[in-house]
Amino acid sequence: MAGPVWLASDIHLSENSPATALAFYDFLEHAHNKASALFILGDLFDVWVGDDVINHPTPWLKQALEALKRCAARIPVYVGLGNRDFLLGVAFIKHIGAHPLTDQTLLTVGTLTALISHGDEYCTHDQSYQHFKWWVRQPWLQFAFKSLSLSQRLKIASQARAQSMKKMARLAHNATNTKPDIIDASTDAVTNGFSHFGVKTIIHGHTHRSGKHTYHLDDQICTRWVLPDWEYDHLPTDANPRSGYIQISNRGVDLVRNNIA
């Protein structure tokens, strides 16, 4: 497609993140005025327990759905699944007027072709998460989960979220850990992605470690771009709010970080 194309991920919209949500809605307004298309590469929501929540949305969710609808009415919006909102389904996509993304997609803008995805598939050192992902993506298990009441699903999701946060905090603060950094992308998985899809550019989110990484493969320079995560509400006292996106245009790939002083 023609550029400029914008990509974002890891916004983690929720009832408990009102400032992040407002920043994202402002981003959507800029996107439909300046971009030819918007790709959201997973974790748009901090948790998603089934598309039936849109039938009677809470006020914060209603506001989010309306903002997404406005953007999708102006430009194509593509939504992929993350590790927190992997239960986003056809009903949600149709409701906001968007288009679904597969787990890994080849996106061509001008002369540049990039492999885009959420990015959790590259974190192969985290074997416990990869095992968990395999199970929760099973259709029969998702059917059983969706058969539970909304309150039961929310309780289970809250417990899973709490366990995940404890794990992340433990890994982040364990300075004596000599094992591979399991919460980051593994070099082997990334290089396999370059080789398997025949691309020189990979763009993903998930790791919350935005930046540009260069690899030398078969006398070629390949680049992995990591999207910024969004956080305006739950920060240490000495940290600035953060957000950002990637733009692909005729000039190439640009990483735009919004770290507010």
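The values are calculated or read from the model by the stated rules, or taken from the named source; none is laboratory data. Note that the structure is predicted; figures quoted are calculated from it, not measured. Every residue, glycine as well, gets a Cβ built from its backbone with ideal geometry; the counts of neighbours run over all protein chains shown.
Things worth noting here:
- Number of residues in the range 222-245 that are among the hydrophobic types (A, V, I, L, M, F, W, C), touching a Phe, Trp or Tyr at 6+ places or on another chain (Cβ under 8 Å) and under 23 Å from Asn192 (Cα atoms) equals 2.
- Any hit, the range 153-175, residues being at pLDDT below 95, assigned to a loop (DSSP other than H, G, I, E, B) and not acidic (Asp, Glu): yes
- Of all residues in the range 94-128, those satisfying the criterion of being in contact (Cβ under 8 Å) with a residue 24 or more places away in the chain, of a type in the set (Val, Ile, Thr) and over 22 Å from Ile11 (Cα atoms) are Thr108, Val109, Thr113, Thr124.
- Among the candidates His30, His56, the residue that is within 20 Å of Leu150 (Cα to Cα), over 14 Å from the mean Cα position of the chain (by Cα) and outside any strand (DSSP E or B) is uniquely His56.
- Ala239 passes every criterion in (1) surrounded by fewer than 11 Cβ atoms within 10 Å (Cβ to Cβ); (2) in contact with a His (Cβ under 9 Å, 6 or more places away or on another chain) apart from (2).
- Counted residues, the range 243-261 - those being within 19 Å of Ser17 (Cα to Cα), surrounded by 14 or more Cβ atoms within 10 Å (Cβ to Cβ) and at pLDDT below 95: 1
- Matching residues, the range 130-148, being in a loop (DSSP other than H, G, I, E, B) and surrounded by fewer than 10 Cβ atoms within 10 Å (Cβ to Cβ): none
- Residue selected from the range 211-232 under the condition modelled with pLDDT of 95 or more and of a type in the set (D, E, K, R), by the criterion farthest from Ile40 (Cα to Cα): Lys212
- Enumeration of residues in the range 208-260 that are free of Cβ contacts under 8 Å to residues at least 12 places away in the same chain and touching a strand residue (DSSP E or B) at 6+ places or on another chain (Cβ under 9 Å): Thr214, His216, Leu235, Ala239, Asp254
- Qualifying residues in the range 72-97 (those that are in contact with a Leu (Cβ under 7 Å, 6 or more places away or on another chain), assigned to a loop (DSSP other than H, G, I, E, B) and among the hydrophobic types (A, V, I, L, M, F, W, C)) - the one surrounded by the fewest Cβ atoms within 10 Å (Cβ to Cβ): Ile75
- Against the numbered list (1) modelled with pLDDT of 85 or more; (2) surrounded by 12 or more Cβ atoms within 10 Å (Cβ to Cβ); (3) farther than 16 Å from Arg84 by Cβ, Gln127 comes up short only at (2).
- Checking each residue in the range 85-116 for being among the small types (Gly, Ala, Ser) and at negative phi picks out Gly89, Ala91, Ala98, Ala114.
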